[in-house]
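The values are calculated or read from the model by the stated rules, or taken from the named source; none is laboratory data. Everything numeric in this text was worked out from a predicted model, so none of it was measured. Please note: Cβ atoms are built from the backbone with ideal geometry, for glycine as well, and neighbour counts cover all protein chains shown. These area figures cover heavy atoms from the full protein model, side chains too; ligands, DNA and RNA do not enter into them. Shrake-Rupley method; radii C 1.70, N 1.55, O 1.52, S 1.80 Å.
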Amino acid sequence: MADMGAFRDEVSAWAAGGPGGPARELAARLGVRTAVLLEGPSDLAAVEALAARRGRDLAAEGVCVVSMGGAMSIARHADVLGPPGLGLRLAGLCDEREQPFYDRGLERAGAPREGFFVCVTDLEDELVRALGPARTEEVVRAAGDLRAWQTFLHQPAQHGRSRQRQLRRFLGTKKGRKIRYGRLLVEALAPDRVPAPLDDLLGSL
């Protein structure tokens with residue numbers, strides 16, 4: 001049976017220059033109505049973790065969460081999923097420094113800007129700030145990364161940096177770590193401490 005994962009694969013292939021027919025067929029079969037465009041898999045992990053915490057099954061609601069593989073891919077994904085392609089409602093997150101790429105890509109596709117929410121630096125930074133450095137370090141310890149974290153702190157490049165910046169940098173130092181912590185940090189949040197861009201995105205879907 002086709003699922004949202006298969007649809008995501010076909011969207012990626014279409015955005016990379018492949019045929020759009022398989023994605024169109026799956027979109028109709030699955031009842032996809034909204035595509036959430038995210039820069040990478042760590043953002044996807046965070047969005048899906050928050051949806052699960054709130055008892056929502058996004059796939060069952062016709063919402064497909066897509067990891068685009070970088071902010072520069074927004075124009076192509078808006079083309080294939082927005083008005084020129086499947087005609088889905090588009091939503092998502094972007095970093096403040098990447099916002100001009102999103103604005104241009106959405107405008108070119110004739111897609112509204114509403115539904116896209118901006119993280120000041122990135123989502124990891126938003127999550128660390130929402131939890132606070134002490135609570136984030138507790139999550140790192142509980143995840144079994146205490147030794148790696150302590151080794152990281154002894155690197156000369158980290159001296160003089162705020163704990164907030166150190167934690168954010170640590171999350172990106174090993175392949176797969178950002179994805180793992182995208183979920184773990186969301187799961188550690190108090191219900192009233194969800195960062196506004198993430199909270200607003202889920203509330204808009």
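At a glance:
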{"read-out": "For the chain, accessible area per residue (1.4 Å probe, heavy atoms of protein chains only), Å²", "value": "48"}
{"read-out": "Accessible-area composition of segment 130-174, carbon plus sulfur, in percent [1.4 Å probe]", "value": "48"}
{"read-out": "Dipole axis of the chain (+1 Lys, Arg; -1 Asp, Glu on Cβ), positive-most option in THR173, TRP14, ALA190", "value": "THR173"}
{"read-out": "Net lengthening on full extension, GLN150/ARG56 (0.36 nm per residue, minus Cα-Cα)", "value": "30.2 nm"}
{"read-out": "Value of D in µm² per second that Stokes-Einstein yields for segment 51-108, Kirkwood Rh from Cα pairs, at 37 °C (0.692 mPa s)", "value": "263"}
{"read-out": "Where GluC sites (Glu not before Pro) fall in DSSP loop in segment 71-129, at most 11 other Cβ within 10 Å", "value": "GLU114"}
{"read-out": "Projected-area mean, the chain, by convex hull of Cα positions, square nanometres", "value": "11.9"}
{"read-out": "Dimensions (Å) - segment 59-155, Cα atoms, principal axes, largest first", "value": "50, 32, 21"}
{"read-out": "With all protein chains modelled, accessible area of ASP43 [1.4 Å, Å²]", "value": "20"}
{"read-out": "Per principal axis, descending, Cα span of segment 126-205 in whole Å", "value": "43, 24, 20"}
{"read-out": "Computed magnitude of the charge dipole of segment 78-205 (debye, nearest 20; Cβ of K, R +1, Cβ of D, E -1)", "value": "720"}
{"read-out": "Prolate/oblate/rounded label for segment 22-64 (Cα gyration tensor, a/c 1.5)", "value": "oblate"}
{"read-out": "Spatial separation of Cα centroids for segment 21-76 and segment 78-113, in angstrom", "value": "14"}
{"read-out": "Carbon + sulfur, % of accessible area of segment 1-124 - ligands and nucleic acids excluded, 1.4 Å", "value": "52"}
{"read-out": "Nearest-0.05 FRET efficiency for ARG33 and ALA6, computed from C-beta distance (R0 22 Å)", "value": "0.80"}
